[in-house]
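Report on the structure given below.
The values are calculated or read from the model by the stated rules, or taken from the named source; none is laboratory data. Fair warning: this is a prediction, and the values are worked out from it, not measured in the lab. In this analysis, Cβ positions are derived from the backbone assuming ideal geometry, glycine residues included, and neighbour counts consider all displayed protein chains. The accessibility values were calculated without ligands, DNA or RNA, using every heavy atom of the protein model including side chains. Shrake-Rupley method; radii C 1.70, N 1.55, O 1.52, S 1.80 Å.
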Amino acid sequence: MHWTTRTRMAAIIAALIVCVLAGRLITPGASPVAIASAVVTCSAAAVVIALRRVRRRAALVLSVIAPASAGVSVLHAHRYGDGAGAWAYMETLALLLMMIVVIRGVPVRRAVAAGLVGGLAESLIILRVVPAPSPLEAAGLCAFWGLGASGAAVIGMYLRRLDSERLRSVIGARRAQRLNLARDLHDFIAHDLGEMVVHAQVGQVVSGRERETLRHIELTGRRALAALSATVRALHEMDDGAATGDGAATDEGMPGLGDLPRIVEDFAAPGTVPATLRMDPGLAERLPRRLGTTVSRIVIESLSNVRRHAPDAGSVEVEVAGAGTNVTISVVNGPGSGAPAHSSTTRLGLAGLEERVRSLGGRFAAAPLARGGWQVVAEIPVDTLLPDD
């Protein structure tokens with residue numbers, strides 16, 4: 001038993017002792033049956049509320065306690081007089097609290113059955129306090145007192161709806177996190193693997209570059225493994241409940257703005273497509289990490305598309321500039337002279353980038369140029385994220 005459980009049990013026992021002492025002082029003439037019924041019901045309610053293990057069986061507890069309470073109310077109605085008042089009110093409150101717990105967290109069928117039994121028991125308690133000469137008056141009193149059970153049912157259903165919405169939001173956040181991980185696999189790892197394929201092809205046809213080509217393949221493979229490790233680590237964090245759904249977990253370990261010179265250089269290293277990079281000095285230090293990851297993601301996906309759809313493009317120009325409160329990314333490639341290389345696509349590239357850029361309050365456009373070639377342009381406000389995000 002953990003110390004928190006011991007503390008809760010001690011608090012329950014202390015509260016019950018205080019309630020019993022207060023009840024004896026307020027209503028010294030109460031019947032032992034009224035006291036026993038109230039103490040048992042209040043004890044059950046306190047244990048259900050305080051202990052999670054018992055809370056899972058709240059419907060069973062209420063289904064046992066409520067008929068006993070109802071039996072006491074029916075068999076001993078009007079026998080306690082004013083002396084039963086305080087105990088009856090305590091028992092009413094305990095039944096209402098158990099009903100709220102049951103309706104909130106128990107499966108629907110059991111919640112309905114236990115709630116009906118608990119509501120009936122709660123409505124009958126008034127017979128211990130207020131005399132009812134006729135059955136019609138007794139029914140009216142019980143109906144009036146049963147409004148408390150109706151209120152408990154409304155509160156329980158409202159809390160149940162809040163829990164359902166919270167669960168749906170968690171599921172949605174985890175789904176968004178999985179989509180972010182899928183985009184990471186597409187944007188980063190697929191790019192590195194594509195670079196490895198290109199270097200391997202160059203090494204087969206260009207003599208004297210075998211050693212350099214193997215070095216590039218090794219470095220690119222290491223980067224792909226690092227990105228894959230970061231993705232797997234994010235999956236473990238998500239399974240442990242640490243995922244937030246905003247993609248921050250997957251940014252750790254991924255290429256950032258400072259990696260762009262190396263990314264463009266590696267892209268141009270095989271010599272098939274010349275590539276140049278123009279980036280404002282010091283921009284990598286000024287931008288938040290997540291924003292830098294988004295910028296590098298845009299460049300990587302654009303370069304991968306050039307490799308995939310225009311492998312013999314005349315040139316590629318990458319520009320990253322900080323203009324005022326925005327950062328602008330532009331990737332322009334010239335037209336290719338041949339047919340694009342055949343490759344598969346996961347449809348998570350440009351569409352995923354556009355979704356991410358728009359979620360940051362920016363704008364994104366990708367379209368062919370009139371003179372031939374393709375252009376990808378994105379503009380993202382810097383102030384959408386905190387510096388340490």
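Take the conditions (1) crowded, with 22+ Cβ neighbours inside 10 Å; (2) at pLDDT 80 or above; (3) over 32 Å from the mean Cα position of the chain (by Cα); Tyr89 misses just one of them, which is (1).
Of the residues in the stretch 347-356, at least one is modelled with pLDDT under 85, within 38 Å of the chain's Cα centre (by Cα) and closer than 24 Å to Ile217 by Cβ. Selection of first residues in the stretch 310-324 that are open to solvent by 50 Å² or more (accessible area, probe 1.4 Å) and of second residues that are of a type in the set (Ser, Thr, Tyr) and at pLDDT 90 or above, restricted to Cβ pairs under 8 Å at least 6 apart or on distinct chains, gives the following pairs, ordered by first then second residue: Glu317/Thr276; Glu317/Ser330; Glu319/Thr328; Glu319/Ser330.
For beta carbons closer than 9 Å, sequence separation of 6+ or different chains, a first residue in the stretch 126-153 that is without any contact (Cβ under 8 Å) to a residue 60 or more places away in the chain and a second that is among the charged types (D, E, K, R) and open to solvent by less than 40 Å² (accessible area, probe 1.4 Å), the qualifying pairs are Trp145/Glu122; Gly146/Glu122; Gly148/Glu122; Ala149/Glu122; Ala152/Glu122.
Within the stretch 107-124, the presence of a residue that is within 25 Å of Ala14 (Cβ to Cβ) and either open to solvent by 40 Å² or more (accessible area, probe 1.4 Å) or of a type outside the set (Ser, Thr, Tyr) (or both) is excluded.
Can Val74 be described as in contact with a helix residue (DSSP H, G or I) (Cβ under 9 Å, 6 or more places away or on another chain) and surrounded by 15 or more Cβ atoms within 10 Å (Cβ to Cβ)? Break it down stepwise before answering.
Details: in contact with a helix residue (DSSP H, G or I) (Cβ under 9 Å, 6 or more places away or on another chain): yes; surrounded by 15 or more Cβ atoms within 10 Å (Cβ to Cβ): no.
Against the criterion (in contact with a helix residue (DSSP H, G or I) (Cβ under 9 Å, 6 or more places away or on another chain) and surrounded by 15 or more Cβ atoms within 10 Å (Cβ to Cβ)), Val74 does not qualify.
Residue count for the stretch 275-305 under the criterion of being open to solvent by 10 Å² or more (accessible area, probe 1.4 Å) and either farther than 20 Å from Ala366 by Cβ or outside any helix (DSSP H, G or I) (or both): the result is 14.
Matching residues to (1) at pLDDT 85 or above; (2) in contact with a strand residue (DSSP E or B) (Cβ under 6 Å, 6 or more places away or on another chain); (3) among the β-branched types (Val, Ile, Thr); (4) at positive phi:
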{"position": "Ala249", "(1), (2), (3), (4)": "no, no, no, no"}
{"position": "Ala268", "(1), (2), (3), (4)": "no, yes, no, no"}
{"position": "Ala275", "(1), (2), (3), (4)": "yes, yes, no, no"}
{"position": "Thr293", "(1), (2), (3), (4)": "no, no, yes, no"}
{"position": "Glu319", "(1), (2), (3), (4)": "yes, yes, no, no"}
